[in-house]
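Beneath this line is the structure, given in structure tokens, with notes to follow.
FYI, it's all coordinate maths here, none of it is from the lab. Quantities reported herein were computed from a predicted structural model and do not represent experimental measurements. As a convention, Cβ positions derive from the backbone with ideal geometry for all residues, glycine included, and neighbour counts pool all protein chains shown.
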Amino acid sequence: MTTATVSPVETSRSLKSRILGAPSAGPLLVLIGFCLIFALSNPRFLATHNLSIILQQTVIIGVLAIGQTLVILTAGIDLAVGAICVLGTIVAGKLVNLGYDPVLSMGFAILLCTAAGLAAGGLVSGLRLPPFIVTLGILGILTAALRLISEGGAFPVRDPFLAWTGNTMKLGGFVLTYGVLIMFALYAVVWYLLNQTKWGRHVYAIGNNTEAARLVGIPVRRHLLSVYLLAGLIYGIAAWLALGRIPNADPNAMQSANLDSITAVVIGGTSLFGGRGGLIGTLIGALIVGVLRNGLTLAGIDPLWQDLVTGILVIIAVALDQMSRRKS
Amino acid sequence: MSAETTPLQATETKPHIVLEARNVVKTYGHVTALDGVDFELRAGEILAVVGDNGAGKSTLIKALTGALHPTSGEILLDGVPIHFKGPLDARHAGIETVYQDLAVAPALDIASNLFLGRELRAPGLLGSLFRRLDKKRMREEARRAMNELKFRLPAIDNPVESLSGGQRQGVAVARAALFARKLVIMDEPTAALGVRETGQVLELIRSIRDRGLPVVLISHNMPNVFDIADRIHIMRLGRRAAVVSPKTHTMNDVVAIMTGAATA
Ligand SMILES: Nc1ncnc2c1ncn2[C@@H]1O[C@H](COP(=O)(O)OP(=O)(O)O)[C@@H](O)[C@H]1O
Ligand SMILES: [Mg+2]
């Protein structure tokens, strides 16, 4: 590539090099590989019924991983993912159980989650604190506060609107919850923002080279703030989806959500150093985790193997990322 | 003061002065970085700025591009006094700056880097309501600009990290050329590059000048300066020691003025 070409600037890269060079090509092959293995070992795996279940099980981590992707693309990391989502379920559940209007309650809960994201973004961009520390602090504060509010215990939330996202519709043999559809819609919208708008371009530029972004006149701090705000909003929507799956508000829930969402992002090929990767990879990453869990369970294998295999995948993904960085 | 009158001025009809600084002072506490410096960039020229380490080259450039506020003195763009509040003001006024360290986003493609911070939006509702980027037009314009500057690059949708150091800096220089309306300033743009790559970037700087934009080039490299500059502004101890022409002065003359061993 470094040698001089005949015409000053080539027209375009070949289709082949584009497909092979796409960051989500590797994760997609891994996903297909696992699907093949599970399908060959157990014909039930490919049944539409089973595939529907995999999708439903992927919804919450899948949606949380959207926000996590945004934060990681700016070279940050979000450890408050699960805590902010639980904030949403507890607040919405409490308000509804107190007799407030369910739509307003859920709306208020989502607003609070957005505010939590905004607070994280403010501390990161305003005080220039490391995202790792800021979100770890928010995780601690929220977890303690939510246990205090709910007096330590989980409580049931029985309301048709809060449970609405768990309702199903049939689509050619597939049983899809509205939650699954909302997940795909969120992926589509945020994908568009990241890939087709100036806002998304600037997210990548900031994660890639903050100083260069500043020099070309991108308002870096304000942009970071908007990223964390959007992430918070997405965690709030995930809270609604969580109540649709399990009509229960539990302050001790989602403790593995941080690591699971980071796992989906990393397996999906997004770099922990920021500026590289994207949402398609994250969706594939979340599906890999879902497929592994489901396939191993179907095969009657101890689910501990799932943690082991995902652990290996994470290490491989990070190693590949590190290697490609050193090369360039 | 008498040393600052250049031999050139007598022989030419009065040229248009694009950017001018008069008696600019910048102090940091007890340190005087600029001690009443004058500066003059003429239309269509490559003006090299040379000087020893600490002579005040970078500080002068920062004052000219709004990156710092002079303690006193005057700066004029096209003869009009200006007061930049920050680098963005200078950019809006048509002054683009290229920095020594590669100010590119390596994972983004060449076209995205050229338009970084100034992306084009699609026409119609797609652009205004849905904020959609016009990637095709940005690619086309990027290609056109690179061709016009005769800068060799692989495909425009390759990530910048796949380029050599010289090509990357070429992208940064081309970005400046693409958006500068008045002038381009480069602070040691080739300091991090090898010989062949430096040659590429110098060639690019020449094409920018040939398209009519004046260029201010700060450089340590005397052969480069003599290769490319129309005039040489020599800094010494925070002031302009002289402005000379590479046609009338040798490298030894310039070094002697830089170090104070001689005057122009
Ligand atoms: N931010 C600053 N604070 C204090 N002194 C400075 C600062 N910037 C530059 N100086 C001083 O001003 C003088 C000129 O510096 P500079 O413009 O960087 O020189 P050059 O670029 O020619 O090497 C030097 O003595 C330097 O130490
Ligand atoms: Mg300097």
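Brief remarks on what is shown
- Projected over every direction and averaged, the convex hull enclosing the alpha-carbon atoms of chain B yields 15.4 nm².
- For a label point 7 Å along the Cα-to-beta-carbon line of A:Leu46, residues of the range A:161-190 with backbone N under 17 Å: A:173-174
- Relative exposure of A:Tyr228, A:Tyr204, A:Tyr235, A:Tyr192, judged by other C-beta atoms within 10 Å (fewest first): A:Tyr192, A:Tyr204, A:Tyr228, A:Tyr235
- Note on A:193-206: average number of Cβ atoms from other chains within 10 Å of each residue's Cβ is 4.
- Dividing the convex hull volume of the alpha-carbon atoms in the range B:182-243 by its residue count gives 93 Å³ per residue.
- Ignoring the sites themselves, chain A has its longest run without trypsin sites (Lys or Arg not before Pro) in a DSSP loop having at most 14 other Cβ atoms within 10 Å at A:159-328.
- Of B:Thr32, A:Thr168, A:Thr58, the sequence from fewest to most neighbouring Cβ atoms within 10 angstrom is A:Thr168, B:Thr32, A:Thr58.
- Amide H to amide H, with H built 1.01 Å from N, B:Val98 comes under 5 Å of B:Ile185, B:Met186, B:Asp187, counting only residues 5 or more places away or on other chains.
- A protection proxy built from the mean count of other Cβ atoms within 10 Å ranks the segments B:109-117, B:139-147, A:254-262, most packed first, as B:109-117, A:254-262, B:139-147.
- Mean shadow area of the range A:169-328 over all directions, Cα convex hull, nm²: 12.1
- Taking all pairs of distinct alpha-carbon atoms in the range A:111-193, Kirkwood radius in angstrom: 16.2
- Nonlocal amide H pairs with A:Val175, under 5 Å, H built at 1.01 Å: A:Ser52
- Debye-sum result for the range B:1-155 in log10 I(q)/I(0), which assumes one identical scatterer on each alpha carbon, at q = 0.09, 0.11, 0.15, 0.16 Å⁻¹: -0.45, -0.64, -0.99, -1.05
- Counted over the protein assembly as shown, the DSSP beta bridges are approximately 60% antiparallel.
- Across the range A:26-321, Cα-Cα pairs more than 23 Å apart make up 55 percent of the total.
- Each principal axis of the Cα atoms in the range B:222-264 has its own extent, and those three values, largest first, are 25, 17, 15 angstrom.
- Gain upon complete extension [A:Asn252, A:Ile312; 0.36 nm per residue less C-alpha separation]: 18.9 nm
- Residue order, fewest to most beta carbons within 10 Å, for A:Met106, B:Met251, A:Met323: A:Met323, B:Met251, A:Met106
- Taken one residue at a time, the phi angles of the range A:155-160 give Karplus couplings (6.51, -1.76, 1.60, θ = phi - 60°) of 9, x, 10, 10, 8, x Hz. Gly and Pro are set to x.
- Averaged over A:212-225, number of beta-carbon atoms from partner chains that fall within 10 Å: 4
- P(r), alpha carbons of the range B:102-225 - 5 Å bins starting at zero, rounded %: 2, 11, 21, 22, 19, 12, 6, 3, 2, 1, 0
- As a length-normalised measure over Cα pairs under 8 Å and 6 or more apart, the relative contact order of chain B settles at 27 percent.
- Computed from the C-beta positions of B:Ala67 and A:Glu151 and an R0 of 45 Å, the FRET efficiency is 0.20 to the nearest 0.05.
- ³J(HN,Hα), Karplus 6.51/-1.76/1.60, whole Hz, each residue of the range A:37-44, x for Gly, Pro: 4, 5, 5, 6, 7, 8, x, 5
- For the range A:49-66, 3J(HN,Hα) computed residue by residue from phi via the Karplus equation (6.51, -1.76, 1.60; θ = phi - 60°) reads 4, 5, 4, 4, 5, 4, 4, 4, 6, 8, 3, 5, 4, x, 6, 4, 5, 5 Hz, glycine and proline entered as x.
- Overall dimensions of the protein assembly as shown, expressed as equivalent-ellipsoid semi-axes from the Cα gyration tensor (√(5λ), whole Å, largest first), are 57, 27, 19.
- Under the criterion of Cα pairs below 8 Å and six or more residues apart, the relative contact order for chain A equals 32 percent.
- Calculated diffusion of the range A:30-88, Stokes-Einstein form, Kirkwood radius summed over Cα pairs, 20 °C and 1.002 mPa s, µm²/s: 156
- Averaged over peptide B:136-145, the number of partner chain Cβ atoms lying within 10 Å of each residue's Cβ comes to 1.
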